[in-house]
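Written below as structure tokens is the structure these notes are about.
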Amino acid sequence: MKKLLKRIVIALLVCAVLPLAAWITFNLFDDTVDPKAAAYGEPRASSVPDAENGYFAAIAMSAPDGEDGMAYASAWVAEARAAAKENRRENRAPVERAKRLDICDAAQASCVAAVRGDASGVAAKLDPYREDMARYEKLLAFRRYEEILDYPMRLDAQIPQYQGISHTQRAYLLRAALAFQSGNVEEGLSMLEREFAFQRVMLEGTRTLIGKMIAHALYQRDLCFVLDVVQHFPAELKPHAARLTAMMQPVNVAALRMDRVFESEFAFLKQAYKFPSAGEQLREGLIFEFASWSIGYKKNATLNKAYEIYSAMAAASLKPAGSVAAEWKKVPMVSGELSLRDYFDNPIGKVLLGVANPAFDGYVLRMHDLDAFNRLVGLRVQMLAEDVGAEGAAAFVANADARFHDPYTGKPMGWDAASKRLWFKPSEATAKRKVIYLDQGRLFAQL
């Protein structure tokens, strides 16, 4: 009986130990880093000299009150570089800024209507923005823009505060609304020309996801404002339609592309995948702590798979609007739910890949929505230029130039005679957001 029990115990130990030994042995041997993965997302010098780079002026928008904004921006970038080089957290003092009054957001409401209702009250609200306005005018003068990514991007790296540029743009457009309302069409148009010239530069020069989405929001707000002034001042703007038409040129293809954004996003995660050399500040949270030493984590294999995913997303993002959804299904994403085989081979790496790769296709489609919205606004401005009203809208839209077509379908924009609206159907990512010219899943321009 004792011999039988002994044999049973030995058999159980063998059944438990041998698979564990095999698992440990298998996970001890990591892959070789793919040279493409090693190079992807590495720091690189900006192609724009600092003195010509609007990125510094964008950071300056959130400088403390009364300080030299450009000096603040230079110091901000210098600290980011130094912290990365010294592998430490960034040391930043709190920014002291007086509270600004809440003002109209052209992406959410009609600022022209707000001005008409209380022009003097609106003007008073803009008074605290005088210093911001001066900084914003300097920003709009830049004709080159590129985020500084010449240092390793870590998970704990701070990003610039964009509230300053976003809030001041709202104030800038509200001031333009005051100009149009007072009959100073020339001033209002000049302000819009400077605004669009810079926003196109920023939209094209951004290399990070947060930067791209901020640029997207700024440009979308401009488009909403144009529809607002065209709807309220058609007679006043008709003699200047050529200038509005020039502003509404198609968005540059380079401004829509997201491949550089995916490389920058990969750069953030790359430092985490490269444990333990990423630094102590990245080893926070149970899964990251375990991954830094566990034999169930193959850092090179994880890095290679992450590169495969991100480079595939980058390639899919370059496809035409109507093809993005289909192309995205081909991206080799890793599910957050692991199979038995996944637990055997690099399980910690699989978990990291499953939780650290969100659905980026929504961001790609939002860029195509912006392109489509720009086309829609351009079509509305063209109708103003050619004096086309609701009666001739259907024929005009049907025969409009291809640059005004819906990029998703390749066909003319929609026209709803009952509501007198030009429209197109944006992606679900945009349809869920709050935009003044979004109704029943359609972005529209009102005649």
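A few points about this structure:
- Qualifying positions in the range 85-116 - assigned to a helix (DSSP H, G or I) and within 23 Å of Leu139 (Cα to Cα): Cys111
- Close pairs from the range 424-447: first acidic (Asp, Glu), partner crowded, with 18+ Cβ neighbours inside 10 Å, Cβ under 9 Å, at least 6 apart: Glu428/Leu365; Asp439/Arg421; Asp439/Trp423
- Some residue of the range 210-226 being surrounded by fewer than 20 Cβ atoms within 10 Å (Cβ to Cβ), modelled with pLDDT of 95 or more and of a type in the set (Ser, Thr, Tyr): no
- Ala84 vs. criteria among the aliphatic types (A, V, I, L, M), out of contact with any helix residue (DSSP H, G or I) (no Cβ under 6 Å at 6 or more places or on another chain) and over 29 Å from Ile436 (Cα atoms): yes
- Residue among Glu193, Glu204 that is part of a helix (DSSP H, G or I), more than 30 Å from Arg88 (Cα to Cα) and either under 19 Å from the mean Cα position of the chain (by Cα) or modelled with pLDDT under 95 (or both): Glu204
- Filter result (open to solvent by 80 Å² or more (accessible area, probe 1.4 Å) and touching a Phe, Trp or Tyr at 6+ places or on another chain (Cβ under 8 Å)) within the range 231-253: Glu236
- Inter-residue pairs, beta-carbon under 6 Å, first over 17 Å from Phe373 (Cα atoms) and in the range 390-409, second open to solvent by 40 Å² or more (accessible area, probe 1.4 Å) and of a type in the set (Lys, Arg), 6+ apart: Ala390/Lys420
- Search result, residues across the range 337-348 that are assigned to a loop (DSSP other than H, G, I, E, B) and at pLDDT 75 or above: Asn346
- Residue within the range 264-271 that is open to solvent by 40 Å² or more (accessible area, probe 1.4 Å), out of contact with any Leu (no Cβ under 9 Å at 6 or more places or on another chain) and at negative phi present: no
- Scanning the range 181-196 for residues that are within 16 Å of Ala106 (Cα to Cα) and open to solvent by 10 Å² or more (accessible area, probe 1.4 Å) returns a single hit, Gln181.
- Those residues of the range 136-169 which are over 22 Å from Ser46 (Cα atoms) and surrounded by fewer than 21 Cβ atoms within 10 Å (Cβ to Cβ), in sequence order: Glu137, Gln163, Ser166, His167
- Count of the range 308-322 residues which are of a type outside the set (A, V, I, L, M, F, W, C) and either in contact with a strand residue (DSSP E or B) (Cβ under 6 Å, 6 or more places away or on another chain) or open to solvent by less than 10 Å² (accessible area, probe 1.4 Å) (or both): 2
- Wholly within the range 349-447, strands (runs of 3 or more DSSP E) carrying at least 1 residues that are surrounded by fewer than 19 Cβ atoms within 10 Å (Cβ to Cβ): 414-416, 442-446
- Count - residues of the range 94-118 that are under 20 Å from Asp132 (Cβ atoms) and open to solvent by 30 Å² or more (accessible area, probe 1.4 Å): 11
- When the range 81-117 is filtered for residues that are of a type in the set (Gly, Ala, Ser), within 30 Å of Phe180 (Cβ to Cβ) and at pLDDT below 90, the ones remaining, listed by number, are Ala98, Gly117.
- Verdict on Lys125 being open to solvent by 20 Å² or more (accessible area, probe 1.4 Å), closer than 26 Å to Thr208 by Cβ, part of a helix (DSSP H, G or I) and basic (Lys, Arg): no
- Only listed residue being among the charged types (D, E, K, R), modelled with pLDDT of 80 or more and open to solvent by 50 Å² or more (accessible area, probe 1.4 Å), chosen from Lys305, Lys298: Lys305
- If only residues of the range 224-254 that are free of Cβ contacts under 8 Å to residues at least 40 places away in the same chain and more than 31 Å from the chain's Cα centre (by Cα) are counted, the one that is nearest to Cys104 (Cα to Cα) is Ala235.
- Test: residue in the range 62-84 that is within 23 Å of the chain's Cα centre (by Cα), buried (at least 20 other Cβ atoms within 10 Å of the Cβ) and in a loop (DSSP other than H, G, I, E, B): yes
- Gln199, sole failed condition from (1) of a type in the set (S, T, N, Q); (2) assigned to a helix (DSSP H, G or I); (3) surrounded by fewer than 18 Cβ atoms within 10 Å (Cβ to Cβ): (3)
- Of the criteria (1) of a type outside the set (Ser, Thr, Tyr); (2) at pLDDT 70 or above; (3) surrounded by fewer than 21 Cβ atoms within 10 Å (Cβ to Cβ), which one Gly285 fails: (2)
The values are calculated or read from the model by the stated rules, or taken from the named source; none is laboratory data. Note that the coordinates shown come from a computational prediction; the quantities given were computed from them, not determined experimentally. So basically every Cβ, Gly included, is an ideal-geometry build from the backbone, and we count neighbours across all protein chains shown. SASA here: full protein model, heavy atoms, side chains in, ligands and nucleic acids out. Shrake-Rupley method; radii C 1.70, N 1.55, O 1.52, S 1.80 Å.
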